[in-house]
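Engineer: Sending over a structure as structure tokens; questions will come in a sec.
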Amino acid sequence: MQFKFKPPKLGSIFNYSNFHGSGDAFVFAKIAQQEKPIVIICASALEAQRLLGEISFFSPSLKAHLLPDWETLPYDNLSPHPDLISERLATIYQVMSNLCDILIVPVTTALYRMPPREYLAAYTFFIKRGEIFDLELFLSQMTLAGYTHVSQVISPGEYSVRGGLIDLFPMGSALPYRVDRLDNEIETIRTFDVDTQRSIYPVDEVRLLPAREFPFNEDGRACFRGNFRERFEGDPSKCRIYKNIGNGIAQAGIEYYLPLFFKQTETLFDYIPDSVLLCLHHDINSEIENFWSDTLSRYKLLRGDISRPLVPPEDLFLTSEDFFKNINSYSRIKILLELEKPQSGIKNITSSLPLLQVDRRATNPIEKLAIFVDKFKSSNRRVLLLAESLGRRELLYDYLKQYGLFPKICNDYKQFIESEEFFMLCISPLHNGFILNEEGHAFITESELYAIHRYKRSGRNLGSSAETVDTMLRDLSEIKIGELVVHEQHGIGCYSGLVNIDSGGNSHVQLNEFILLEYDGGDKLYVPVSQLHLISRYSGAAPESTPLHKLGSGQWDKVKSNAIKQVHDTAAELLNLYAQRANQAGYRFSINQHDYEAFSEGFGFEETPDQALAIKAVIQDLSSDRPMDRLICGDVGFGKTEVALRAAFVAISNNKQVAVLVPTTLLAEQHFQNFTDRFGLIADQWPVIISEMSRFRSAKDLVKVKEGLAEGKIDIVVGTHKLIQKNVRFKNLGLVIIDEEHRFGVRQKDQLKNIKSEVDILTLTATPIPRSLSMSLEGLRDFSIINTAPQRRLAIKTFVNTYSNGVIREACLREIKRGGQIYYLHNSVDTIQSTYNILTRLLPEIQIEIAHGQMRERELERVMRNFYRQQFDMLLCTTIIETGLDIPSANTIVIDRADKFGLAQLHQLRGRVGRSHHQAYAYLLVPEEEALNVKAKKRIDAIQEMEGLGVGYYLAMHDLEIRGAGEVLGESQSGEISAVGFNLYSSLLDTAIKSLKEGREPDMQNPLGITTEINLHAPSLLPDSYCNDIHERLVLYKRMANCETSDQLDNMYMELVDRFGVSPDPVKTLLECHRLRILSKPLGISRIDASSENILVQFIANPMVDVEKIIRLVHNNNEYKFSGPDCLRIQVQIENIPDRVVKINNVIKELKGIMIN
């Protein structure tokens, strides 16, 4: 049946109801096909997002757009994310240009006043391929539109000019563009990838929208200042925001002064045509009331600050009265939640599905679905089963096939409609299923089959999981002027920048780029950029206490010799240790896929890509013959516990016991609760006995637990160090899960070593200790990183302030006003009561309770449980909360005297907040800067710089530098690592281990292998005119130096051409130097010096060439001569560099033929 819709007249409204599941999206799609454009105003942002995806499934030809919210609180001190502004401007432009069939808007977003339409029209311009390009005009247009000039384009609203290439990231665009000019004409326009900076596909035209929702050019700022003086009394020069705008600084939260940038603002209703059909989705009235209640409350709270006067709410937002007055002139339909007053005959369009849930414990888990499909088929009706992704579709298809159901695969809804198949399977974003009554179509989603909807992550959150350990370490290897570096042959020096030197003598200019290193006594070393692989950033002892080496003194050779000896012993010891473990017959766990999937269903979320990889790795470890020893490094709240739960299930399903070892009582309680809740879901089929050993349990309870473990009656035990006491015996221990190993003391770690040699070990940590991290990086321990944030998780905003009552009060009230809770960390039990008294006087309106480790167990347990149940507002506590607490409603933490905490501690404490989709805040209170010591200042700077999600790993690398890297074996934090630096020590160790594994002794003369120097007597560099950013050049030089194959260099060359244009000769020469370096290394060549008159080839002491054959080569070829015991001279006169390179390649080929096999 063709759906027929009769719209209401202008100014009238129809009420519809009884749309089951995602039936409302189907109805909206059908209405829009007949009555476009339509505007859907939703009660919530979540529903708006759902409808956007679902409507597109039913009618992909419709141009549907979502107008997102700023996602900040009214009068916030924070600005919306640039991606949101980009998305908003793109949608507004589509609406204004009549290119939008369906506009979806959350009702609170519809209340915001907007820039006038003239603003968008005046500040939007286009760039087209083949047109004449005026650079000066372009730069002025970009400035006018509010774009920022940067060296490398990453976010919307940025652009970069590099010679004939222009990179720009327009607002409203999903990808940035690279414009290539030939003289004054635009030759090509290509999209490119932000991460790799490589081109993707060509386009003919780019649309550039303004970078902000208000003009920030001179005219816009003048308008702001005039309106500011007119609206607000007093001296405007005393207001920071007024001064900042005058100086061209758009401070955070400036969006809430938007009306001051215009003579008059407009609203959503000024943008949409009068003939549009308005669809009001669910209870928008109460949402408007709640919004205005919160807004007025915040206005009253904040308007007393004379340094930041506020624009009245009615100038920023539509009142409830104005909103309904505006919508009353439109034709409207209202979708009701309840079955009340349905009109116009559109009723019973949809009906609900019966219970179809998969019962994994049944003999035929999909029996209900099979009966339903059969019933529909017998009445000549059809069923479409919907999976969320291609992977899920394939899994579902295979699963159904096992039990005798064979759906036909279809690609989309259109194919389903055109087909006559009774039962089909498709990919779709539909959240919930429903039945279309007259059409006789049933839509069944995974929500009905599994009773839990696996919300899919938006595209904006994906992609970051592709980062590898190498990528992250490369990010940290960026060297700044003044930092210490280690040269493999000359020792520790100070990096002093890149310099250009003419090394060609008087005859001709031969400009090359060198890295300048300064050593003890002011000695200078100029290192060619082609030899950057010899240099690494120094990470070891504190830089201020690390002496520079003296060039030519033999001091470095002695230090390096000691390090090499220790590396040899360490490598042998490590290999022995891990060989013993590898040779032990570990228990091979069997995995019943049916049961494992049934347990996994209890997770209720879609695994992040990293999390899925970590789980897969753990399962593979458990099912191998070798005992598992895997470290899972994931930031706080990123899903490490789920990995542990899956591993625990595999162990108990093999009749093994599991011990979960944690450092604190509170963490033990949290894990005990998590394990109990999760295994409770399968209790009817697998009755798992879980116990806890901590000081929250009585002595009598602990005795019972020990007996249960010894007799095998307890399957899983969660506990503190009490678990590893000598009197605790397990009947059949198979898996030990250790959370935050670095929190245990030396004695506990020694006890852990005894356990580790016998069973599978899974270690979870948010910030690995340097020892664990360095072992993991060297491949001596299996290592998984979970670096992808869960859905809708936002990075924690971190502020560093000196102690101030005003800061504390604002931070706390801000959280309370949005219904949240606060941690206030004061790490002194002696003065915690006086802090309580100060806070109760400062914040009389909130309830505060105290928690610390010296309280009686029952009292501490009561306080923590009451906080979890939101029975009070602020928890004043010590570091007892450092690990494990998971309270989604607590999203602000204030840390008093943050300078007294270690980096790992600060990161863990900050991780107590931000456990939900709300923006979380961490306030680090410190003394005046002069009172901070150097290490404390570095810790605070490091944690403030690393606000992003998943930075625990990076912080661990900073920790290596700040605290000094420890020896790879043992607990000491000094030794040879500090002497040569962590990076070089790790390289030496890695080389030694590889040599010993191959059954040969490491080469003490060339511990890191042969270093080949190439000199073609021609400029070989990235010229400043080609790549003008010094930092970018340094990164590229380092990447070239790290290339080990010609293919890698080819990729580098393609990337350079792609990013910077056709490479000039110095760049090609530089790449040829690296190509020759790679070819020469296996032959034992230490140096090639190729001038226009001859080519010198220098060998190492014992090269890999046959001496007799090389003598024969010299005898038979007049060009070849000996020039010393280890050097060949090839006498040829070649002026042209490419020809010289060809000749060297031929020489290398000849030498390759006389290598020792």
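Engineer: Mind ranking 278-291, 96-109 by how tightly packed they are, going by the mean number of other C-beta atoms within 10 angstrom, highest first?
Structural biologist: Order by mean packing, descending: 96-109, 278-291.
Engineer: Relative contact order (percent) for the range 352-456, with alpha-carbon contacts under 8 angstrom and 6 or more residues of separation?
Structural biologist: After rounding, I find 33 percent.
Engineer: Leaving out same-chain residues fewer than 8 places away, which aspartates and glutamates sit with a Cα under 16 Å from that of residue 550?
Structural biologist: Filter leaves 488, 518, 520, 523.
Engineer: On to the next question. Under 1.5 on a/c is rounded, so check that first for the range 125-208, then, if it is not, pick prolate when a/b is larger than b/c and oblate when it is not; a ≥ b ≥ c are the square roots of the alpha carbon gyration tensor eigenvalues.
Structural biologist: Taking the square roots of the gyration eigenvalues as a ≥ b ≥ c, the range 125-208 is rounded.
Engineer: What are the extents of the Cα atoms of the range 588-696 along their three principal axes, listed from largest to smallest and rounded to whole Å?
Structural biologist: 36, 34, 30
Engineer: Related question: Sort 1138-1146, 1121-1129 for me by packing, meaning the mean count of neighbouring Cβ atoms within 10 Å per residue, highest on top.
Structural biologist: 1138-1146, 1121-1129
Engineer: Under a cut-off of 19 Å between alpha-carbon atoms, report the aspartates and glutamates in cross-link reach of residue 1149, not counting same-chain residues fewer than 8 places apart.
Structural biologist: Output for residue 1149: 1013, 1044, 1047, 1072, 1089, 1106, 1108, 1119, 1126, 1139.
Engineer: Further, regarding this structure: Is the shape of the range 797-948 best called rounded, prolate or oblate, per the rule: a/c under 1.5 gives rounded, else a/b larger than b/c gives prolate, else oblate, with a ≥ b ≥ c the square roots of the Cα gyration tensor eigenvalues?
Structural biologist: The shape class here is rounded.
Engineer: About the Cα centre of the range 1046-1152, how large is the charge dipole given +1 on each Lys and Arg Cβ and -1 on each Asp and Glu Cβ? Please answer in debye to the nearest 20.
Structural biologist: It comes to approximately 280 debye.
Engineer: Determine, for each peptide in 638-644, 825-831, the mean count of other beta carbons within 10 angstrom over its residues, then list the peptides with the highest first.
Structural biologist: For the peptides 638-644, 825-831, the packing ranking is 638-644, 825-831.
Engineer: Here's another thing I want to ask about it. Taking a ≥ b ≥ c as the square roots of the Cα gyration tensor eigenvalues, with a/c under 1.5 meaning rounded and otherwise prolate when a/b beats b/c, else oblate, which class fits the range 173-303?
Structural biologist: Since a/c reaches 1.5 but b/c is at least a/b, the shape of the range 173-303 is classed as oblate.
Engineer: Follow-up question, since we're still on this one. Please give every one of the lysines within straight-line cross-link reach of residue 1152, meaning a C-alpha to C-alpha distance under 26 Å, and leave out same-chain neighbours fewer than 8 residues apart.
Structural biologist: Cross-link targets: 994, 1068, 1081, 1109, 1121, 1143.
Engineer: By the scheme Lys and Arg +1, Asp and Glu -1, what is the net charge of all other residues having a beta-carbon under 14 Å from that of residue 802?
Structural biologist: That works out to -3.
Computed from the coordinates by the stated procedures, all read-outs in this text should not be read as laboratory data. Remember, it's a predicted structure, so these values are computed and weren't measured experimentally. Backbone-built Cβ (ideal geometry, glycine too); neighbour counts: all protein chains shown.
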